[in-house]
Amino acid sequence: MQQFVNFFTNLFSSASSEAYNINTLFLRYMILAGFIVLLVTSLVIIGAFKYRAKKNTKEPEQVFGNQKLELTWTVLPLLAVTFFFFLTVKTMSEINRPFQKNEKPDIVIIAHQWWWDMRYPKYNVETANELHIPVGKNLLTRIESADVIHDWWVPELGRKIDAVPGRINYTWIDADKPGVYSGTCSEYCGAQHAWMRIRVVAESQNDFNNWIKAQQKIPSFPKDSTAIKGAELFQTKTCANCHYISGTPADASIGPNLTHFASRKTMLSGMLTNTDKNLKRWLKDPQKVKRGAHMPDFLLSKKEVNELASYIEGLK
Ligand code: CUA
């Protein structure tokens with residue numbers, strides 16, 4: 001029972017006016033549809049009992065057409081459809097707020113198989129899978145894809161928006177109360193589609209500013225000898241050909257930006273919590289952890305895995 005209640009409360013929980021408008025529209029449709037289902041099924045049941053064939057009766061009276069009834073069942077649905085058409089258009093205009101053509105986006109999201117590249121062009125910050133936003137700000141967000149069609153959706157924060165290769169889409173993201181909101185890719189995009197989760201951390205402007213400042217910092221070079229070995233391996237084992245770590249020669253963006261990897265709560269797009277054990281499992285045999293992911297198996301020895309993990313875990 002509790003699960004049932006939770007399902008419905010979660011279904012309608014919203015943390016932005018867009019999500020609230022979408023939920024309200026959905027609820028209105030649900031009420032109307034529920035009413036129609038009840039009406040039709042009860043009429044069918046009443047009809048089946050009241051007008052069933054009785055013993056020894058002759059052929060019943062034959063009726064052909066009924067103008068009143070036909071008008072009713074044409075006009076009423078037409079009115080309902082017109083009413084909902086206008087409600088839908090109104091909701092659409094509320095959630096797709098216009099923006100200036102030359103307006104710079106606050107956030108740029110590039111969907112990849114199977115993770116999210118997240119950028120803040122105004123702050124020159126880049127992260128992955130975990131988006132931080134300040135509460136109460138409407139953030140213009142540009143959505144792109146690096147490979148196939150994906151779909152951005154954080155239900156409590158607003159509408160879905162497709163990430164289409166070769167096309168740029170815009171949407172707004174905003175949260176009116178602090179919290180952690182989860183979302184997921186909502187367009188089937190291959191083997192690990194289910195593990196393309198989104199984590200949005202909505203925080204006060206102050207906390208957000210601090211987060212941005214921390215993300216802008218160039219991580220200091222490791223002092224520990226294991227981590228130093230790891231930093232060397234990162235270059236020689238060609239990790240640097242796909243990943244970005246600011247302040248180092250690694251400046252590619254084929255894989256997630258690892259500059260502040262250790263500051264994230266999850267890894268592999270929400271698949272695992274970001275722990276030492278999980279990171280080592282991943283480095284040891286990526287295909288065993290997330291089959292199909294574009295991270296190759298570098299056949300690292302146990303020692304190399306430890307060194308790399310030690311380096312990456314220092315990237316706070
Ligand atoms: Cu990306 Cu489904």
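The values are calculated or read from the model by the stated rules, or taken from the named source; none is laboratory data. Predicted model only: the values in this text are computed from it and were never measured. Please note: Cβ atoms are built from the backbone with ideal geometry, for glycine as well, and neighbour counts cover all protein chains shown.
Within the stretch 99-138, which strands (runs of 3 or more DSSP E) (wholly inside it) include 1 or more residues that are touching a helix residue (DSSP H, G or I) at 6+ places or on another chain (Cβ under 8 Å)?
115-120, 125-128, 130-134
Do we have T238 as surrounded by fewer than 19 Cβ atoms within 10 Å (Cβ to Cβ) and at pLDDT below 95 here?
yes
Just one of the numbered conditions (1) within 16 Å of the ligand (Cβ to nearest atom); (2) touching a Lys or Arg at 6+ places or on another chain (Cβ under 7 Å) is not true of G255; which one?
(2)
As an exercise: evaluate L131 against (1) within 16 Å of the ligand (Cβ to nearest atom); (2) aliphatic (A, V, I, L, M); (3) surrounded by fewer than 21 Cβ atoms within 10 Å (Cβ to Cβ) and give the number of the one condition it does not meet.
Unmet for L131, out of (1) within 16 Å of the ligand (Cβ to nearest atom); (2) aliphatic (A, V, I, L, M); (3) surrounded by fewer than 21 Cβ atoms within 10 Å (Cβ to Cβ): (3).
Out of N23, N6, report the one residue that is in contact with a Phe, Trp or Tyr (Cβ under 6 Å, 6 or more places away or on another chain) and assigned to a helix (DSSP H, G or I).
N23
Out of E313, E203, I need the residue that is surrounded by 13 or more Cβ atoms within 10 Å (Cβ to Cβ), touching an Asp or Glu at 6+ places or on another chain (Cβ under 9 Å) and acidic (D, E). Which one?
E313 is the lone residue from the list that is surrounded by 13 or more Cβ atoms within 10 Å (Cβ to Cβ), touching an Asp or Glu at 6+ places or on another chain (Cβ under 9 Å) and acidic (D, E).
Give the residue that is farthest from T238 (Cα to Cα), with candidates limited to residues of the stretch 271-286 that are within 21 Å of the chain's Cα centre (by Cα) and in a loop (DSSP other than H, G, I, E, B).
My answer is M271.
Give the residues of the stretch 9-20 that are in a helix (DSSP H, G or I) and either acidic (D, E) or crowded, with 18+ Cβ neighbours inside 10 Å (or both), sorted by residue number.
Hits for the stretch 9-20 are E18, A19, Y20.
Any chance the stretch 178-185 includes a residue that's near the ligand (Cβ under 10 Å from one of its atoms) and surrounded by 15 or more Cβ atoms within 10 Å (Cβ to Cβ)?
Yes, the stretch 178-185 has at least one match.
Within the stretch 186-204, how many residues are within 16 Å of the ligand (Cβ to nearest atom), more than 22 Å from L11 (Cβ to Cβ) and among the aliphatic types (A, V, I, L, M)?
Qualifying residue count, the stretch 186-204: 1.
Residue-by-condition table, conditions (1) surrounded by 10 or more Cβ atoms within 10 Å (Cβ to Cβ); (2) more than 16 Å from the ligand (Cβ to nearest atom):
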{"residue": "G47", "(1), (2)": "yes, yes"}
{"residue": "N56", "(1), (2)": "no, yes"}
{"residue": "K68", "(1), (2)": "no, yes"}
{"residue": "F99", "(1), (2)": "yes, yes"}
{"residue": "K104", "(1), (2)": "yes, yes"}
{"residue": "I109", "(1), (2)": "yes, no"}
{"residue": "W114", "(1), (2)": "yes, no"}
{"residue": "R119", "(1), (2)": "yes, yes"}
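Restricting the search to the stretch 186-195, which residues are surrounded by 15 or more Cβ atoms within 10 Å (Cβ to Cβ), touching a Gly at 6+ places or on another chain (Cβ under 8 Å) and part of a loop (DSSP other than H, G, I, E, B)?
Q192 - this is the single residue of the stretch 186-195 that is surrounded by 15 or more Cβ atoms within 10 Å (Cβ to Cβ), touching a Gly at 6+ places or on another chain (Cβ under 8 Å) and part of a loop (DSSP other than H, G, I, E, B).
If I filter the stretch 295-310 for residues that are of a type in the set (G, A, S), more than 16 Å from C242 (Cα to Cα), at pLDDT below 95 and touching a Leu at 6+ places or on another chain (Cβ under 8 Å), do I get at least one hit?
Looking for residues that are of a type in the set (G, A, S), more than 16 Å from C242 (Cα to Cα), at pLDDT below 95 and touching a Leu at 6+ places or on another chain (Cβ under 8 Å), one finds at least one in the stretch 295-310, hence yes.
Give the stretch 147-161 a look and list any residue that's more than 22 Å from T266 (Cα to Cα) and more than 10 Å from the ligand (Cβ to nearest atom), or say none.
G158, R159, K160, I161, listed by residue number.
For every residue, the table says whether it meets (1) of a type in the set (G, A, S); (2) in a helix (DSSP H, G or I); (3) without any contact (Cβ under 8 Å) to a residue 60 or more places away in the chain; (4) within 16 Å of the ligand (Cβ to nearest atom).
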{"site": "D176", "(1), (2), (3), (4)": "no, no, no, no"}
{"site": "N206", "(1), (2), (3), (4)": "no, yes, yes, no"}
{"site": "S220", "(1), (2), (3), (4)": "yes, no, yes, no"}
{"site": "T226", "(1), (2), (3), (4)": "no, yes, no, no"}
{"site": "G230", "(1), (2), (3), (4)": "yes, yes, no, no"}
{"site": "T248", "(1), (2), (3), (4)": "no, no, yes, no"}
{"site": "S269", "(1), (2), (3), (4)": "yes, no, no, yes"}
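With respect to the numbered conditions (1) away from the ligand (no atom under 14 Å from the Cβ); (2) assigned to a strand (DSSP E or B), which one is the sole condition not fulfilled by E144?
(1)
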